[in-house]
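Worksheet: the structure to be examined is printed underneath.
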Amino acid sequence: MILLYVALSGELRSQIKESNYKNKDSVVASVGNIKITVDEFVSGYEFGPAFYKRVKDSKKVFLDNLVREKLLALDGLSRHLDTTQNVREYFDAFLDDLATEELFKSEIQSKVTISQPEIDTVAKQKLINVELEWLYTTDEDEITKFQDSLKNGVDFQTLFKRQLNDTVSIDDRSLKSNRYQLEMKNSELGKIIDKLEVGRYSIPIKTSDGWYILYLKNFSYNLIPSETEQNKVLEEARRAVFKMKMDKLSDEFVQRLMLSQNPVIKRKPFQILRSYLARYQLPKEKYIEWKLDEILEETIKEYENRLVRDGVDTIQIDYSKIVLVELKNGKVTLNDFLAWYRTRDQYLKFDKRSFALFSRSLEQMIWRMVRDRLLCEAAESKGYYKKKNVVKQSKWWLDKILYATVKNELINSIVVNQKEMNLKRDNTESQSEFVEEELTKKLFYKLNELKKKYPVNINEKLLNKIQVDDEEDAHAIDFYTVKRGGLIPRTPYPTIDNYWARWE
């Protein structure tokens, strides 16, 4: 029964995809001069929040909210918000990601080949469960003492328990996993485990962070998995092998790009950038302790331009001319990096444990930015920015960015007067609740105004024909899919704002 259900659901999904594909460029709704195609509708519907999937007329509810966002996008477009720095930077980031994604599909993904023996090997590894414990130290003499104690008959568990204390938990010295996951984390570790018998320990192992003695506590293998589990494991293995090969080819592709340009980070501009970002990222005490202001003051002098205007001596610094990275055929300025950083700052994390680690994490960000730059140049040189799919989806993202910009404008226009809140409202109401109430009012009036300006037409007949997986399902759950590994983390397609759930 389970196998029949899986087969039918897979067949149904194929039918849904085929049915929608026939009409993918048909217009299900128009908002002013913006046309919403079946392709955009289905893509956004599938990856969006669950609130509209749980209610009656799910597709209509989704479309109504998408129309609202398009109206607000048109408002932003009419006021030329698409030319503002913030919108341009975000749009360029998404456009770059779309173009380089097409580059990878064509130049790398198309070249990936996998064999059945490779799939079978990974599938077997996924069925092998291992339980490990280990002794760890950064001191070579201490690991030698551990080894001597074991040779002299001291039980491994005795030494293992001695390592546990208030700061070192059992989870810090043990692991339950499958053989495949071990391979992904450390292939050398996997090879060592393959040679151990249950209840035996390894020789001392040197790694980049210290010394280990591994103990194989348990090993099990599911010899006869059910047919359903077997199919699932094989599919997971196929995807895993594909990803491994894709990652390998991607790394080689990027490495060739980097070597061809031989990028070099310039020391003084790096110091300027580090002090600038640290001012916003670090606690004041740590900023002072690391003497970052002193470093900045000393370094910046080289780039100061003195100007005299109306008898007043002023100092100016043109950050667009300070070169952060030199390349064989180009350069990256401080402004270039900051534009890249601003669109990703919520995802980028600094290691603040020490001055050296903070500096290292910034250096890694710069290399990532250089990588992105070179990938974009490769995509542009091969015409991927002009590909139909890139042009189409970039328009969807521009509308989404404009909508978010207009919504943020309205939020910022709401001046929260605490005194007025206390007088007119229950004191238990939070500031965020007050802002949301005011935002709803402003959006309501704004949308009514925009509907008079921009005609909205919905093709109800076509809307009814569109097939989707989750429709009027009271048990639909929220999930958030993020594409990682590209130039910027994002949902696969623009999705409607979960805020609209308040309107239902």
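I'd like to check one number: the per residue accessible area of the chain, probe 1.4 Å, reported in Å² as a whole number.
Heavy-atom accessible area per residue stands at 59 Å².
Please report how far the C-alpha centroid of the stretch 37-53 lies from that of the stretch 448-470, rounded to the nearest whole angstrom.
With the stretch 37-53 and the stretch 448-470 each reduced to a Cα centre, they are spaced 13 Å.
Going down the table (Lys243/Lys400; Lys60/Lys452; Lys268/Lys483), which pairs top 23 Å between alpha carbons? Walk me through the numbers before you get to the answer.
Numbers: Lys243/Lys400 30 Å; Lys60/Lys452 21 Å; Lys268/Lys483 35 Å.
Table pairs above 23 Å Cα-Cα are Lys243/Lys400; Lys268/Lys483.
So what is the 222 nm mean residue ellipticity for the chain from helices alone, if each DSSP H run of at least 4 adds -39500 (n - 2.57) and you divide by all residues, rounding to the nearest 500 deg cm²/dmol?
Details: 19 runs with 285 residues, N = 504.
Only helices count here, giving -18500 deg cm²/dmol.
Taking a cut-off of 20 Å between Cα atoms, list the lysines near Lys286, but don't count ones fewer than 8 places away on the same chain.
Lys349, Lys352
Using the Kyte-Doolittle scale, which helices in the chain average at least -1.0 and also have C-alpha atoms spread 18 Å or more along the helix axis, with helices defined as whole DSSP H runs? Walk me through the intermediate numbers first.
Working: long enough: 2-22 (30 Å, -0.07); 58-78 (30 Å, 0.17); 85-107 (32 Å, -0.66); 227-261 (51 Å, -0.78); 267-281 (20 Å, -0.85); 355-381 (39 Å, 0.09); 388-413 (38 Å, -0.43); 431-453 (33 Å, -1.12).
Membrane-span-like by this criterion, though nothing is claimed about a membrane: 2-22, 58-78, 85-107, 227-261, 267-281, 355-381, 388-413.
Write out the GluC sites (Glu not before Pro) in the stretch 133-199 meeting two conditions: DSSP loop, and at most 14 other Cβ atoms within 10 Å of their Cβ. Write out the running numbers ahead of the final one.
Working: sites: Glu133, Glu140, Glu142, Glu183, Glu188, Glu197; in loops: Glu197.
Passing both the DSSP loop test and the Cβ count: Glu197.
The values are calculated or read from the model by the stated rules, or taken from the named source; none is laboratory data. Note that the structure is a prediction, hence the values are computed from the model and not measured. Reconstructed Cβ throughout: ideal geometry from the backbone, glycine too, with neighbour counts over all protein chains shown. With ligands, DNA and RNA removed, areas are computed over all heavy atoms of the protein, side chains included. Shrake-Rupley method; radii C 1.70, N 1.55, O 1.52, S 1.80 Å.
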